[in-house]
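Just below is one structure, and these are the notes that go with it.
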Amino acid sequence: MNLLEVRNVSKIYGSGETAVHALRNVSFSVSRGEFVAVVGESGSGKSTLLNIIGALDTPTAGQVFIDGKQPFSMKEEQRTIFRRRSIGFVFQAFHLVPELTVEQNISFPVLLDYQKPDLSYLEELLDVLNLKDRRNHLPSQLSGGQQQRAAIGRALITRPMLILADEPTGNLDSQNSSEVIALLKKASRQYEQTILMITHNRSIASMADRVLQVSDGALTDLGRCPA
């Protein structure tokens, strides 16, 4: 069953002779629990694609379905709530709140939704992320790998259906990169979450279940990676 469906999505910035076609009639689907990597050169349109799927940007044409729902058919407030509850974001730059501890940063999206964190699930995440002994540390007291693991925990805490990761290993060394990708794969298997990850690193992409390539705004499905 497909969790994500992208149908004939195009994105044009500007108009006339200065128009930039960031995406050109892109269509693909991702199954529930699948881990898909999106590769492409800088400026190819892959970040634009991720922003549209995450409802952070609007398409010029086409439709996006997440669990059968169309975020762009919702009113802005409904779309904001849907995005907060259904989509987890992991960014290259971590974006942790510097004044909050690891535990507080991970719990933040739940509190933002005026809910109480599931304490048993929080403990489970801290264990899976290997951050139990860092739970009361501030981001400035963590290594880059630990900060990214905390950011992944923040993305997982709301139990989102879809996780969008934009170059999640871009600021990490090779060992931490491998650990972060292994953690994302574990999330897709253990928590049945669907993951769409942008990366320029082909060796990182090869760890995903399937690889998509974006070039000049057009998408090609490169197929499944060898087991």
### Message
Need one number: the % of Cα-Cα pairs in segment 18-88 sitting beyond the 14 Å mark.
### Response
64 percent
### Message
Tell me the angle of helix 144-156 to the major Cα principal axis of the chain, expressed in degrees between 0 and 90 and rounded to the nearest ten.
### Response
70 degrees
### Signed unit charges on C-beta, dipole axis of segment 1-148, positive-most listed residue 9, 53, 109
9
### Query
Taking neighbour counts of Cβ atoms within 10 Å as a proxy for exposure, in what order, fewest first, do 194, 158, 60 appear?
60, 158, 194
### Message
Which residue fluctuates most in the GNM of the chain (Cα springs below 10 Å): 50, 119, 131?
### Response
119
### Message
Nothing charged except the Cβ atoms of Lys and Arg (+1) and of Asp and Glu (-1): what's the magnitude of the dipole of segment 1-91 about its Cα centre? Round to the nearest 20 debye.
### Response
260 debye
### Summary
The convex hull of the Cα atoms of the chain, divided by residue count, gives a volume in Å³ per residue of 130 Å³
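Just how large is the dipole of segment 181-227 about the Cα centre, in debye to the nearest 20, putting +1 at every Lys and Arg Cβ and -1 at every Asp and Glu Cβ?
Roughly 240 debye, rounded to the nearest 20.
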## Note on the structure
With a 28 Å threshold on alpha-carbon distance, the violating pairs from 11/69; 46/69; 46/75; 46/132; 75/186 are 46/132; 75/186
### Message
Please give the charge dipole size of the chain, origin at the Cα centre, charges +1 on K and R Cβ atoms and -1 on D and E Cβ atoms. Round to the nearest 20 debye.
### Response
360 debye
### Summary
Listed with the fewest Cβ neighbours within 10 Å leading, 125, 100, 183, 219 appear as 100, 183, 219, 125
### Query
Relative to the first principal axis of the alpha-carbon coordinates of the chain, what is the inclination of helix 174-190, with its axis defined by its Cα atoms, in degrees from 0 to 90 and to the nearest 10?
80 degrees
### Task
Counting other beta carbons within 10 Å of each Cβ, put 161, 74, 197 in order, fewest first.
74, 161, 197
### Query
Considering only 183, 30, 146, whose Cα is most displaced toward the positive end of the charge dipole of the chain, charges sitting on Cβ of Lys, Arg (+1) and Asp, Glu (-1)?
30
### Query
How far is helix 119-128 tilted, in degrees, relative to the longest principal axis of the Cα atoms in the chain, given as a value from 0 to 90 rounded to the nearest 10?
80 degrees
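No lab work stands behind these numbers, since they all come straight from the coordinates. What you see is a predicted model; the values in this text were computed from it and never measured. In this analysis, Cβ positions are derived from the backbone assuming ideal geometry, glycine residues included, and neighbour counts consider all displayed protein chains.
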